[in-house]
Amino acid sequence: WGIDLTRKKQATTKNSVDFQSIKNNRIEIERERGRGRGRAIMALIWLEAMLPLGIIAGMLCVMGNAQYFIHKAAHGRPKHIGNDVWDVAMERRDKKIMEMLSSPSPSN
C-alpha cells in the first residue's frame, strides 16, 4: 500500500518530545519566578484586592454623609431612623402642643 508506518511513529514521538521540553521549560520558568522577584510581588498581592474595596467603602461613606447633610439642610434636624406608630403619634402631639403654646391666648 505504500504507507511508511515507522516514519509516522517517529514524527509522533518527535512531537511528544517537543511538548515535553516545552513543559519542562515552563516548569523551570515557574521555579525561577518563585526564587526572586515573584515572591516580592506575591507579598503585595493583597493590595490588588484592597484598592477596589477601599474605593467602595469610601463611596459608601460619601453617599451616607451626603444624604445626612442634605436631609439636615432641608429639615433642620437629623433624620429620625426607625419611626414607628408611637414616634409618629408623639411628633403629632408635640406639634399640636407647640402650636397651642405659640398661638395668642384669648383675652378674658
Q: Compute the length gained on full extension between residue 101 and residue 74: take 0.36 nm times their separation in residues and subtract their Cα-Cα distance, giving the result in nm to one decimal.
A: 7.2 nm
Q | Simple label model, 7 Å out from Cα along Cβ direction - residue 86 to residue 66, nm | A | 3.6
Q. What FRET efficiency do you get for residue 48 and residue 22 if R0 is 25 Å and r is their Cβ-Cβ distance, rounded to the nearest 0.05?
A. 0.30
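All of the numbers you see were taken from the coordinates with simple rules; none came from a lab. Model, not experiment: these values are computed from the prediction. A quick note on method: Cβ atoms are made from the backbone with ideal geometry, for glycine too, and the neighbour counts reach across all protein chains shown.
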